[in-house]
Amino acid sequence: MREDVGAGKRAEMLKRKVNGSDGIMREQPVAHQTYPAGAEYFEADTRELMEKIFSKANMQEAYRRVVQNGGAPGIDGITVDELKAQCQQHWPSIREALLSGRYQPQAVRQVEIPKPNGGTRILGIPTVMDRLIQQAIHQVLQPIYDPSFSKQSYGFRPNRNAQMAVTEAREIIRSGYRWVVDIDLEKFFDRVNHDVLMNRLWKRLQDKRLLKLIKAYLKAGLMLGGMSSARTEGMPQGGPLSPLLSNILLDELDKELEQRGHKHLRYADDCNIYVKSKAAGERVLKSITRYVEARLKLRVNVEKSAVARPWERKFLGYSVTRHQEVKLKVSEVSIKRLKDKFREIFRRARGWAASSTIKLLTPMIRGWVNYFKCSEVKGLFEELDGWLRRKLRVLYWRHWKKPKTRERKLKQLGIEAERAWKSATNGRGPWWNAGASHMNQAIPTKYLRSLGLLSFMEEYQRVKVY
């Protein structure tokens, strides 16, 4: 069957006939063609992909992206800065091993990072050479798979992002789907079934050398403390290929939900299904749980999954208001995470100058506001401005330490002598004093702005989506 599909037939699969305004039928490219789960479609000849993947032009682009992304070294200790020299010395023999099917990836370095809600997440950091090879594979496979992915999938795809997903969620809720089935896949990257994933790849890819190489990457051991453990399931987060492989696997879930007529959105392993009643949501949750566990061999976390009102849950850091015409807002969890990060910086900054602390905070503020620019509740940004200014005044109060020093500093900053003495000796804590009128007068907003303090509200006004 595969050999019978010619180039002309493959081209037809990416076109459809549409009726123009003049009544004439014309062919038009399809931006996102969807295929039934398990169907065999080949938009390109996939029999000799390895030659395309490891061509000079593709490898140069892969090298550029790996260097641009940076990152820590793998188990061999070779850094991104040393990659060029390694390629100059070893790439001809590595390429020959890749094309002949003899290449064996190195184990990945296991790193555990804390999760915001507790626990740890395991990352697998490949060597820079393996990151280069994975990036090259990704660049060739992405254009093959992406056109067939569901329109409801927003994660790790060209020209799609989290802001688009949450905006679409808002529109679905406004249209009357005011219950959400929030599905949490338990340790998704750690539980990916290799056989299920390889079966999905086999249905589209014809180059057996590439299939063998991808399988070798899935089975690459995790090294911790000098000991390497073999992998029989899961795929390490940290490599360029993992996001694409996750989309390939979970696209079947998207197609199943579409076939059932559900309104849903997915970003990587975050999946929300929108329904019109709680009873419908509970039926969907049970049914989809059975499907995910039987068909995809994954596990749904029953404790974290739920049927609830959208304003009671978060999706990609956002939530919504309770209004009939809901509005996007930053979730309480996201606000808490930001404040916790800032508190950690302030704990480290007790001996620093305020200007140094502000310099460290600036890129964090800019990045955070840019992510939440779709929020339609602006009061939060004003509250964060006030909270941050108070934290900076706490820093000054702690720097001054003794009552005599505080009295002297307050007088130098324009507070009258008697008031400076009473304020310095009031016995109150740093947080209370930072919010009191004497510190607001001594360290005004204008002064903090002169040190480079970025305003949440002003930055939001600059980048917000209208």
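The values are calculated or read from the model by the stated rules, or taken from the named source; none is laboratory data. Here the structure is a predicted model, which means the values were calculated and not measured. No Cβ is skipped: glycine too gets one built from the backbone with ideal geometry, and neighbour counts run over all protein chains shown. Calculation scope for accessible area: heavy atoms of the full protein, side chains included, ligands and nucleic acids excluded. Shrake-Rupley method; radii C 1.70, N 1.55, O 1.52, S 1.80 Å.
Consider K278 against the criteria (1) surrounded by 16 or more Cβ atoms within 10 Å (Cβ to Cβ); (2) of a type outside the set (F, W, Y); (3) in contact (Cβ under 8 Å) with a residue 40 or more places away in the chain: it satisfies all of them except one. Which criterion is unmet?
Only one criterion is unmet by K278, namely (1).
Here is a list of conditions, (1) loosely packed, with under 13 Cβ neighbours inside 10 Å; (2) touching a Leu at 6+ places or on another chain (Cβ under 9 Å); (3) of a type in the set (G, A, S), and S93 meets all of them except one; can you say which number that is?
The single condition S93 does not satisfy is (2).
The rows are residues; the columns are (1) among the polar types (S, T, N, Q); (2) free of Cβ contacts under 8 Å to residues at least 40 places away in the same chain; (3) part of a helix (DSSP H, G or I); (4) touching an Asp or Glu at 6+ places or on another chain (Cβ under 9 Å).
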position	(1), (2), (3), (4)
R389	no, no, yes, no
L392	no, no, yes, no
K404	no, yes, yes, no
A420	no, yes, yes, yes
R428	no, yes, no, no
W432	no, yes, yes, no
H438	no, yes, yes, no
R462	no, yes, yes, no
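Which count do you get for residues in the stretch 220-269 that are touching a strand residue (DSSP E or B) at 6+ places or on another chain (Cβ under 6 Å), farther than 28 Å from G70 by Cβ and not in a strand (DSSP E or B)?
3
Listed here are the residues, each with its yes/no results for (1) touching a Lys or Arg at 6+ places or on another chain (Cβ under 8 Å); (2) crowded, with 16+ Cβ neighbours inside 10 Å; (3) in a helix (DSSP H, G or I).
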{"residue": "R121", "(1), (2), (3)": "yes, no, no"}
{"residue": "R131", "(1), (2), (3)": "no, yes, yes"}
{"residue": "Q135", "(1), (2), (3)": "yes, yes, yes"}
{"residue": "H138", "(1), (2), (3)": "no, yes, yes"}
{"residue": "L141", "(1), (2), (3)": "no, yes, yes"}
{"residue": "D146", "(1), (2), (3)": "yes, yes, yes"}
{"residue": "K151", "(1), (2), (3)": "no, no, no"}
{"residue": "P158", "(1), (2), (3)": "no, no, no"}
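Can you find, within the stretch 107-134, the residue that is modelled with the lowest pLDDT among those that are more than 17 Å from L211 (Cα to Cα) and of a type in the set (S, T, N, Q)?
Restricting to residues being more than 17 Å from L211 (Cα to Cα) and of a type in the set (S, T, N, Q), the top hit is N117.
List the residue pairs whose Cβ atoms are under 6 Å apart, where the first residue sits in the stretch 67-96 and is in contact (Cβ under 8 Å) with a residue 12 or more places away in the chain, the second is loosely packed, with under 15 Cβ neighbours inside 10 Å and among the hydroxyl-bearing types (S, T, Y), and the two are 6 or more positions apart or on different chains.
P73/T79
Please name all residue pairs, on different chains or six or more residues apart, with Cβ atoms under 9 Å, provided the first residue is in the stretch 103-115 and is aliphatic (A, V, I, L, M) and the second residue is open to solvent by 80 Å² or more (accessible area, probe 1.4 Å) and part of a strand (DSSP E or B).
Filtered contacts from the stretch 103-115: V111/L224; I113/R121.
Any idea which of (1) open to solvent by 80 Å² or more (accessible area, probe 1.4 Å); (2) more than 30 Å from M164 (Cβ to Cβ); (3) within 24 Å of the chain's Cα centre (by Cα) is the one K422 doesn't satisfy?
(3)
Out of all the residues in the stretch 174-199, which are among the β-branched types (V, I, T) and crowded, with 21+ Cβ neighbours inside 10 Å?
Residues satisfying the conditions are V180, V181, I183, V192.
Report, by residue number, each residue of the stretch 200-219 that is aliphatic (A, V, I, L, M) and either surrounded by fewer than 18 Cβ atoms within 10 Å (Cβ to Cβ) or in a helix (DSSP H, G or I) (or both).
Selection gives L201, L210, L211, L213, I214, A216, L218.
K215: without any contact (Cβ under 8 Å) to a residue 24 or more places away in the chain, within 24 Å of A97 (Cα to Cα) and of a type in the set (K, R), yes or no?
Spelling it out, K215 is indeed without any contact (Cβ under 8 Å) to a residue 24 or more places away in the chain, within 24 Å of A97 (Cα to Cα) and of a type in the set (K, R).
So which residues in the stretch 281-295 are without any contact (Cβ under 8 Å) to a residue 60 or more places away in the chain and among the hydrophobic types (A, V, I, L, M, F, W, C), if there are any at all?
Listed by number, the list holds a single entry, A294.
Output the residue which, of all residues in the stretch 296-327 that are in contact with a helix residue (DSSP H, G or I) (Cβ under 7 Å, 6 or more places away or on another chain), open to solvent by 30 Å² or more (accessible area, probe 1.4 Å) and without any contact (Cβ under 8 Å) to a residue 60 or more places away in the chain, is nearest to A162 (Cα to Cα).
Going through the qualifying residues, I end up with K314.
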